Amino acid sequence: MELKDITFSYDLKNNHLVDVNGEINRGKITTIIGPNGSGKSTLLGIMSNQITPHKGYVRLDGKQLVEFRSKEFARKVAVVHQRNSAPADMTVEKLISYGRLPYKSFLANNKQEDAKVIEWVLQKTNLSKKRNHALYTLSGGEQQRVWIALTLAQRTPFLFLDEPTTYLDIYYQYELLEFIKKLNRDLDITIVMVLHDINQAIRYSDIIIAMKHGQIVKKGVPKDVITNELMKEVYGINVLIKENKDTGIYTIPIGI
Ligand code: ADP
Ligand code: MG
């Protein structure tokens, strides 16, 4: 996926994204970091064809996103937001089955294939036992797993996650990140996510993109991106950067 000269604003006064260029590497986990309002969700919206840039374009497999038909695009890219809502009586299996919609057409419905994929998803996400449970009876971490399961039923090579851990306790944050990493490593799904926790971004990303004021400040492998200078420039904070021999570098914020 290639981003070329992307500029976008929600109103006439401000530019919310300015000349964003870059590439999303296939098969990798890319994490976007940056302060509130820096344009992370807007950029994700543009990469997932929910927002059309005023200038520039995104290309996927050599084709601009605006040229995709919606079902065709839904077979390529799936998105999970920090909060997702479903009707109160929605069950796990029913929700997952919506992931098959991009594969239905007026002429052809392959129910057998759909059932096979849904079984596979339930097993991959460890949700088989909960298949008939109403979504709201599940824990926050399980609910996020169900929304991701829906995207697995979509069979997309790309999965975008906007702050997927925000409403989870720390244990379930790591559990979800481990699960996301497994999807990337085992199923070769290219992940692009937004995270607030810098140490989690370091730990779980192949590539980090740091944003500020609608621009990409730096992109690269975690140890090159997360420096004292960058943390000062992007977040306005001073940090200590330490090294742990098992897990690599981590940061400790010490003030402004
Ligand atoms: P982030 O996800 O990094 O917090 P966003 O992409 O949500 O940032 O927002 C970037 C900027 O665009 C912010 O200044 C925000 O106020 C503005 N913005 C976001 N969504 C809208 C909207 N729907 N209408 C107007 N302005 C918006
Ligand atoms: Mg956001």
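The values are calculated or read from the model by the stated rules, or taken from the named source; none is laboratory data. If you're wondering where the values come from, they're calculated on a predicted model, not measured in any experiment. Cβ atoms come from the backbone with ideal geometry, glycine included; neighbour counts cover every protein chain shown. SASA here: full protein model, heavy atoms, side chains in, ligands and nucleic acids out. Shrake-Rupley method; radii C 1.70, N 1.55, O 1.52, S 1.80 Å.
What to note about this one:
- Every residue from the stretch 186-238 that is of a type in the set (Phe, Trp, Tyr) and within 24 Å of Ser9 (Cα to Cα): Tyr235
- Long-range neighbours under 9 Å by Cβ, at least six apart or interchain, first residue under 26 Å from Asp186 (Cα atoms) and in a helix (DSSP H, G or I) within the stretch 124-137, second at pLDDT 95 or above and of a type in the set (Gly, Ala, Ser): Lys124/Ala149
- A count restricted to the stretch 29-68 and to residues that are farther than 28 Å from Thr165 by Cβ and polar (S, T, N, Q) stands at 2.
- Residues located in the stretch 20-69, provided they are more than 27 Å from Arg185 (Cβ to Cβ) and in a loop (DSSP other than H, G, I, E, B): Pro35, Asn36, Gly37, Ser38, Gly39, Gln50, Ile51, Thr52, Pro53, His54, Phe68, Arg69
Condition check ((1) under 27 Å from Ala201 (Cβ atoms); (2) touching a residue at least 60 places away in the same chain (Cβ under 8 Å); (3) open to solvent by 20 Å² or more (accessible area, probe 1.4 Å)) across all residues:
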site: Val20; (1), (2), (3): yes, yes, no
site: Gly37; (1), (2), (3): yes, no, yes
site: Thr42; (1), (2), (3): yes, yes, no
site: Gln50; (1), (2), (3): yes, no, yes
site: Glu67; (1), (2), (3): no, no, yes
site: Thr91; (1), (2), (3): no, no, yes
site: Leu95; (1), (2), (3): no, no, no
site: Tyr103; (1), (2), (3): no, no, yes
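- Test: residue in the stretch 148-162 that is closer than 22 Å to Arg75 by Cβ, open to solvent by 50 Å² or more (accessible area, probe 1.4 Å) and touching a residue at least 12 places away in the same chain (Cβ under 8 Å): yes
- Test: residue in the stretch 64-74 that is in contact with a strand residue (DSSP E or B) (Cβ under 9 Å, 6 or more places away or on another chain) and within 16 Å of ligand 2 (Cβ to nearest atom): no
- Candidates in the stretch 10-44 are the residues that are among the charged types (D, E, K, R) and within 11 Å of ligand 1 (Cβ to nearest atom); of these, the one that is modelled with the lowest pLDDT is Lys13.
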